[in-house]
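Heads up, the thing below is written out as structure tokens.
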Amino acid sequence: MSGHRPQTPDDVAAAFRAAVGRFAPDRPVLVLGHFDADGLSAAAILAQALERAGRPAEIRITGKGENPWSPDLRKELEARRPGGLVVTDLGIRDGDILPGVPTVLVDHHVPTGTPGEAAVISGNGWTPEPTSSLLAFWCAQELGNADDLLWLAAMGLIGDMADDGFPELAQAQARYGKTALRDAVSLVNAPRRTARADASPALALLLKCASPKELLKGGHPETALLQAAKAEVAAELEAARRAPPKVRGDVALIRFSSPCQIHPLVAQSWRGRLRDKIVLAVNTGYRPGWVHFAARSATGADLIRFLADHRPPGAGTEYGSGHAQATGGALRPADWADFAARIGFPEEIAHD
């Protein structure tokens, strides 16, 4: 892993150019990205910038329960035989993702390990903190003219609520309209929260559109798919918000079952109403054999540390990554029961 972490946009650009210089020139680059607005936008920026620089690139977006360090996804990536790997908005963890393949991680989450020999471009710890899409935009600028990709960087910034302190966001809002950008983010974020969690229509729109207004106007078939996804998620969210919280000490637990990834939305909605609590929204229906949960708090508590302090022995890489103020995880039923008992809910079981 690179010993020097970039600290300025110029550092980011230079680090990315150096990383790309190590890629094999005779095989396509693989861009692997998260399925939310920030990850999708970052992947779209990076792939287009690489293509323009004469480096053909393919994109793979993660789905439900996938992470780059899992054996199943590694096996798929190995079969693709990429000339280089760019991983964005998927965290920074221990170990090489694809041993022997030059890799660069473009990310802003709290690192939980050392990713082998990968070059790391991280915005974590900056003030203000750039999202993965803004880091990607700075990377793209090093490879050529990326001015037309500014709106994608703004999408990721808005999607991850990093609204202040970046001239790129102010410039994009002036050029494209604040409302259009926010509405486009809402639409792009919808598919990954559905039961199918297929964000490919959202990625397709980001790649084919030149602005958020084009994305919203409905001239492409993917727009209707995203609107249907938004309606599906809204219906599930309305039902889940009726679940009452259980409060023990400093922790409030809201439990429900939905195939949609609405637990972060439920946690966020209760965060403002239970301002002196750590809020856990617990979804037992998102993925068979797992209990997924999101943690939020208005108290300022370091939620990653909270989860680390109560970590059950069986927790894996799906547990406790992200941001100090926005994290969560997934646990097997027995581990969930263990964790729940540790935080004051010994009666919790992992099935409805």
Taking the stretch 312-339 and keeping only residues that are crowded, with 17+ Cβ neighbours inside 10 Å and within 17 Å of Asp276 (Cα to Cα), one is left with Gln325, Ala326
Taking the stretch 97-132 and keeping residues open to solvent by 10 Å² or more (accessible area, probe 1.4 Å), in a loop (DSSP other than H, G, I, E, B) and of a type in the set (S, T, N, Q) leaves Thr112, Thr114, Asn124, Thr127
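Each row is one residue, and each column tells you yes or no for (1) touching a Leu at 6+ places or on another chain (Cβ under 8 Å); (2) over 20 Å from Pro245 (Cα atoms).
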position: Ala295; (1), (2): yes, no
position: Phe306; (1), (2): no, no
position: Asp309; (1), (2): no, yes
position: Gly316; (1), (2): no, yes
position: Gln325; (1), (2): yes, no
position: Gly329; (1), (2): yes, no
position: Arg342; (1), (2): no, no
Given the structure, is Asp309 of a type in the set (D, E, K, R) and either under 21 Å from Asp160 (Cβ atoms) or surrounded by fewer than 14 Cβ atoms within 10 Å (Cβ to Cβ) (or both)? yes
Gly285 passes all but one of the listed conditions (1) over 28 Å from Ala231 (Cβ atoms); (2) touching a Ser or Thr at 6+ places or on another chain (Cβ under 8 Å); (3) of a type in the set (Gly, Ala, Ser); (4) surrounded by fewer than 21 Cβ atoms within 10 Å (Cβ to Cβ); the exception is number (1)
Counting only residues in the stretch 211-231 that are part of a helix (DSSP H, G or I) and more than 27 Å from Pro259 (Cα to Cα), the one least open to solvent (accessible area, probe 1.4 Å) is identified as Pro212
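Name the residue, out of Ala234, Ala252, that is open to solvent by 50 Å² or more (accessible area, probe 1.4 Å), more than 20 Å from Asp89 (Cβ to Cβ) and at pLDDT 95 or above.
Criteria check complete, one pass: Ala234.
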Val86 fails exactly one of (1) on the phi < 0 side of the Ramachandran plot; (2) surrounded by fewer than 17 Cβ atoms within 10 Å (Cβ to Cβ), namely (2)
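For Trp69, state whether it is open to solvent by 30 Å² or more (accessible area, probe 1.4 Å), part of a loop (DSSP other than H, G, I, E, B), modelled with pLDDT under 95 and among the aromatic types (Phe, Trp, Tyr).
no
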From the option list Arg22, Arg5, single residue qualifying as of a type outside the set (Phe, Trp, Tyr) and farther than 22 Å from Pro128 by Cα is Arg22
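The values are calculated or read from the model by the stated rules, or taken from the named source; none is laboratory data. Note that the structure is predicted; figures quoted are calculated from it, not measured. All Cβ positions, even for glycine, are placed from backbone atoms using ideal geometry, and neighbour counts span all protein chains on display. The accessibility values were calculated without ligands, DNA or RNA, using every heavy atom of the protein model including side chains. Shrake-Rupley method; radii C 1.70, N 1.55, O 1.52, S 1.80 Å.
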